[in-house]
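Engineer: Mind looking over this structure? Questions follow.
The values are calculated or read from the model by the stated rules, or taken from the named source; none is laboratory data. As the structure is a prediction and not an experimental result, all values here were calculated from the model. Don't worry about glycine lacking a Cβ; one is built from the backbone with ideal geometry, like all the others, and counts go over all protein chains shown. Remember, those area values only see protein heavy atoms, side chains included, never the ligands or the DNA or RNA. Shrake-Rupley method; radii C 1.70, N 1.55, O 1.52, S 1.80 Å.
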Amino acid sequence: MDIKSFVAKRKSELSVLAKSAPLTPTLMIIQANDDPASNSYVRGKIKDGEEIGFKVLLNKLPTTVLQDELLKEVEKANLNPDIHGLIVQLPLPKQIDEKVVKLAIAPAKDVDGFHPLSPFTPCTPKGIVSYLEGEGFLFKGKNAVVLGRSDIVGKPMAKLLLSKDCNVTVLHSKTSMEDKRAYIKMADLIVVAIGRLGYLDHSFEYKPSAAIVDVGINRGEDGKLHGDAVAGLPVALQTPVPGGVGLLTRLALMDNLMEAANNELRD
């Protein structure tokens, strides 16, 4: 199943759950940037919520907001029992410490999964694994390569794949090209998230049965969006850019929001 069809099917399932729920799962987005990509992503989250039957609220702050002021808004949302999920849209203005803000979000409402005590799986890794499971990918004992070691994608992706019993190798900027080629040649699953247009190309060798998940979003000279992998590599499955992992990430956020609301009912 292509990703758009998978997401539509899962949204339909969440919509059924939302209609029967005793409360409306509600997400608060705090945004303090005017980044075009962030604006697009926020619009997408609001659209997802409307389609499913969730409530998504946007608290848009000026880019000049001070850290203490933003933290007050975070605390208001933390204390509001009608808000089940809270995210602070990245990137943040230079005068604000991203780590401080992430730690200020109540773990029970941290549906992005960034807080070290959050009960939720980070959205991008969760969305990727859910899709691959739907495609029948068998994780146990498979060789998985993660290109990139960011706190948002690379590290949590590796951790989640380990929990699925994969043999996980994380490649990064200090890994030699010789080693990169060797690990990629043996990989059953490659997740690339380094922000370099077309990094994975036909110069690498791949297993014909491999799956490539492309997390990269890069603006090309043609003005269009491209991934970290060139299209049409000789593998069994390759996710597209655009219309790929971004949709899975937003879907996982809605999954986490539903879980947060259910947790609220149980408390």
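Engineer: What's the total number of residues in the stretch 37-60 that are surrounded by fewer than 16 Cβ atoms within 10 Å (Cβ to Cβ) and more than 20 Å from the chain's Cα centre (by Cα)?
Structural biologist: Number of matching residues: 1.
Engineer: Being in a helix (DSSP H, G or I) and buried (at least 18 other Cβ atoms within 10 Å of the Cβ), is that true of even one residue in the stretch 159-171?
Structural biologist: yes
Engineer: If you don't mind, another one. Sort out which residues of the stretch 64-117 are more than 25 Å from Asn263 (Cα to Cα), open to solvent by 20 Å² or more (accessible area, probe 1.4 Å) and more than 24 Å from the chain's Cα centre (by Cα), and write them in order of number.
Structural biologist: Residues satisfying the conditions are Thr64, Leu66, Gln67, Asp68, Glu69, Gln95.
Engineer: Okay, moving on. Does Gly216 satisfy the condition of being buried (at least 23 other Cβ atoms within 10 Å of the Cβ) and outside any strand (DSSP E or B)?
Structural biologist: Criteria met by Gly216.
Engineer: Restricting the search to the stretch 16-36, which residues are surrounded by 14 or more Cβ atoms within 10 Å (Cβ to Cβ), of a type in the set (Gly, Ala, Ser) and assigned to a helix (DSSP H, G or I)?
Structural biologist: Ala18
Engineer: Oh, and also: Where the second residue is basic (Lys, Arg) and open to solvent by less than 10 Å² (accessible area, probe 1.4 Å) and the first is within 14 Å of Val215 (Cβ to Cβ) and lies in the stretch 141-159, which pairs have Cβ atoms under 6 Å and are six or more apart or on separate chains?
Structural biologist: none
Engineer: Related question: Run down Ile96, Ile87 and say which single residue is under 22 Å from Ile217 (Cβ atoms) and modelled with pLDDT of 95 or more.
Structural biologist: Ile87
Engineer: Scan the stretch 219-267 for residues that are open to solvent by 30 Å² or more (accessible area, probe 1.4 Å), out of contact with any Pro (no Cβ under 9 Å at 6 or more places or on another chain), part of a helix (DSSP H, G or I) and in contact (Cβ under 8 Å) with a residue 24 or more places away in the chain and report the count.
Structural biologist: Looking only at that region, the number is 3.
Engineer: Is it the case, given these coordinates, that Ala77 is small (Gly, Ala, Ser), touching a strand residue (DSSP E or B) at 6+ places or on another chain (Cβ under 8 Å), more than 18 Å from Leu265 (Cβ to Cβ) and at pLDDT 95 or above?
Structural biologist: Here the answer is yes, as Ala77 does meet what is asked.
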